[in-house]
Amino acid sequence: SNTRQQFPLAAKYPLHFRKTYFAARLNADPAVEYQNTLEASRLLDMPEPIGHSSATFRSCLIPGAPYGRLTPFRSEADDGNLRQAAELQLAAAAGLWRLAEEAFARLSKLHDAGLAHGDAELQNYIVCPAPLEVLLIDFEVMVRRADLEPEAWQKRCTLDRVPLMREM
């Protein structure tokens, strides 16, 4: 009840995720993560974050599994994944392709709006089972195009795309 009084959205999302920040973490600021997640959630049509305190960040619990747990591709080398790809059933390959395309579209929408995720690793894409969709999470280190030089912006966007490009 105390949580719901302090964070009204906790009543709407009774199951939620709480990240605790510790003083030893570099660049840790729950208020920044809250603002970044709020901006991204509105852009990507996702649940808004629930709130933050000086040491915690709270967001809606997104049911599903990280894309990184679902993919059979683990190799960094381009040819290292060929054997796994050849062994996939057609339905599994098509499903993974669809999920990767959707994740790429969401990331592109973020970039088109002038935002770079900054930590777009496969574990930060959650595959929700119903409805089947991919949602981005963990906007703690998101940056804005306006805050970077053009070359630095392009580099951040490229780094965001690398994990998904290995899947495609």
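The values are calculated or read from the model by the stated rules, or taken from the named source; none is laboratory data. Please read all numbers here as calculations on a predicted model, not as lab measurements. All Cβ positions, even for glycine, are placed from backbone atoms using ideal geometry, and neighbour counts span all protein chains on display. Note: areas computed on protein heavy atoms with side chains; ligands, DNA, RNA excluded. Shrake-Rupley method; radii C 1.70, N 1.55, O 1.52, S 1.80 Å.
Structure values in brief
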item	result
Phi-based couplings in Hz for region 43-60 (Karplus 6.51, -1.76, 1.60; Gly and Pro marked x)	5, 9, 6, 10, x, 6, x, 7, x, 7, 10, 5, 10, 9, 10, 10, 9, 4
In order through region 104-113: 3J(HN,Hα) via Karplus (6.51 cos²θ - 1.76 cosθ + 1.60), integer Hz, x for Gly, Pro	5, 5, 5, 5, 5, 4, 4, 4, 4, 8
Amide proton proximity set for GLY51, modelled H, under 5 Å, gap of 5+	ARG58
Sum of side-chain charges, GLY68 neighbourhood, beta-carbon under 12 Å (Lys, Arg +1; Asp, Glu -1)	+1
Per residue Cα convex hull volume in Å³ - calculated over region 82-140	100
Residue-by-residue Karplus 3J(HN,Hα) for region 155-161, coefficients 6.51, -1.76, 1.60, Hz, glycine and proline x	5, 4, 5, 4, 4, 4, 7
Accessible area of the chain divided out per residue, in Å², using a probe of 1.4 angstrom	59
Helical contribution to [θ] at 222 nm, DSSP H n ≥ 4, -39,500 (n - 2.57), averaged over the chain, rounded to 500	-13500 deg cm²/dmol
